Amino acid sequence: MATVAFRHIDKIYPDGYHAVHDLNLEIGDGEFVVLVGPSGCGKSTTLRMLAGLEEISGGDVLIGDRRVNDVEPGQRDIAMVFQNYALYPHMSVRQNLGFGLKMRRTPKAEIQQRVTAVAETLGITSLLDKRPREMSGGQRQRVALGRAIVRDPQVFLFDEPLSNLDAKLRVQMRAEIASLHRRLKTTMIYVTHDQVEAMTLGERIVIMNHGVVQQADAPLQLYRRPANRFVAGFIGSPPMNLLAGELVDGTFQFAGGQIALDDRRAAGPVVLGMRAEDLALGGDGPSLPEATLDAVEQMGHESMAYFELAGHQLSMRLAADQPHRPGDRVIPRLRSGSWHLFHADDDGARID
């Protein structure tokens, strides 16, 4: 196991594209960290720089106490699991699992012992003599995981490993990876664009956008106290409702009306953030202007209702026993003290 540190890391491609800006991040020994963000945000580039698959334009990468900027990928003592499995098609599962150890001239008896142990851990013992083309996507991904585990590296790297699987398998594999981390207690860094994966797997989540870290925090802290508007709009399903307006004497005024928040934290232009579960039909919190429900999605245990205010579609969670339909006129209320305020400028930082 080992710590990982990114210190003032930049990545600039030959065409001038600045993929990662002054990245500073410390990852603890045995920590499970998830890098998440939209396509092109720099998360995979960051992982590839750590792996040695991308050159670093500036700064230092450390694994443990060792600066690895100029260390060859094979000498960094890491193992990487890719989106496309990257298995050798002409080899059996047994051979795929043991190949890395064989290249390191590990004794045959030790290779056999380690391959058998990993196969039992991942439940793929019955597949050891099969080739990749004879297996399902989920089985191939287990083999790819096993090939990484058998090397017993200091750091595991995962680059969107579940994106080729169907929804049910993704849920199952997430649980297996989380269980694996609890057993191995090895440092793991996981890249995904799926915020549900990030929230369910990461002990700490690093949100990136345009090559810049927006917030690095525990999952619930990100959800409850987003550092800026980007994080607020990215984390959560559905994302946080955001309304631009102005605070005047504690009242939020916007193009569609006003909401009597009695909030004195700021004055002037702000953006009001509201989670779907903090809006309700009833209660004694501040009321929003009357609105018409555009759509209601019945989800069994709850419903998601959508309505428009000032040109923005907002979402609201309703209890399953609230029988509302599209076209109903409603007056949503905001749970007291549950809202978020952000600056109206480009940075959109949280107002505390």
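What follows draws every value from the coordinates through simple rules; no lab data is involved. Just so you know, these numbers come straight off a predicted model, no measurement behind them. Quick reminder, even Gly has a Cβ in these numbers, built from the backbone with ideal geometry, and neighbours come from all protein chains shown.
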1/(1 + (r/R0)^6) with r = Cβ-Cβ of SER57 and ASP321, R0 = 45 Å, i.e. FRET efficiency to nearest 0.05, evaluates to 0.20
Please identify, among GLN75, GLN258, GLN215, the residue showing maximal mean-square fluctuation in a Gaussian network model of the chain using a 10 angstrom Cα cutoff. GLN75
Are any of the pairs LYS130/LYS185; LYS11/LYS43; LYS11/LYS102 more than 23 Å apart by Cα-Cα distance, and if so, which? LYS130/LYS185; LYS11/LYS102
Peptides 189-198, 87-96 ordered by average Cβ neighbours within 10 Å, highest first: 189-198, 87-96
Using only Cα positions of the chain, each an equal point scatterer, no hydration layer, compute I(q)/I(0) via Debye at q = 0.09 Å⁻¹ and quote the log10 values to two decimals. -0.62
In whole Hz, the Karplus estimates of ³J(HN,Hα) for the stretch 321-337 (6.51, -1.76, 1.60; θ = phi - 60°; x where Gly or Pro) are 8, 9, x, 9, 10, x, x, 5, 8, 9, 10, x, 10, 9, 4, 3, x
Using Cα pairs under 8 angstrom and six or more residues apart, how large is the relative contact order of the stretch 4-229, in percent? 30 percent
Grab the beta carbon distance between MET304 and ASP262, set R0 = 25 Å, and tell me the FRET efficiency rounded to 0.05. 0.30
So how do 241-250, 203-212 stack up, highest first, on mean other-Cβ count within 10 Å? 203-212, 241-250
Asserting the computed 222 nm helical MRE of the chain (DSSP H runs at least 4 long, -39500 (n - 2.57) per run, divided by residue count, to nearest 500) equals -7000 deg cm²/dmol
Along the stretch 221-229, what does the Karplus equation 6.51 cos²θ - 1.76 cosθ + 1.60 (θ = phi - 60°) give for ³J(HN,Hα), rounded to whole Hz, x for Gly and Pro? 5, 4, 6, 7, 9, x, 6, 7, 5
Express in nm, to one decimal, how much length is gained between ASP65 and ARG105 on full extension, taking 0.36 nm for each residue of separation and deducting their alpha carbon distance. 11.8 nm
Phi to ³J(HN,Hα) by Karplus 6.51 cos²θ - 1.76 cosθ + 1.60 over the stretch 29-45, Hz, x for Gly, Pro: 4, x, 7, 9, 10, 10, 9, 9, x, x, 4, x, 7, x, 5, 5, 4
Is the stretch 107-174 rounded, prolate or oblate when judged by the Cα gyration tensor, a ≥ b ≥ c being the square roots of its eigenvalues, rounded requiring a/c under 1.5 and prolate requiring a/b larger than b/c? oblate
Distance from the stretch 121-189 to the stretch 287-330 (C-alpha centre basis), Å: 40 Å
By how many nm would the segment from GLN75 to GLN112 lengthen if fully extended, with 0.36 nm per residue of separation less the alpha-carbon distance? 11.0 nm
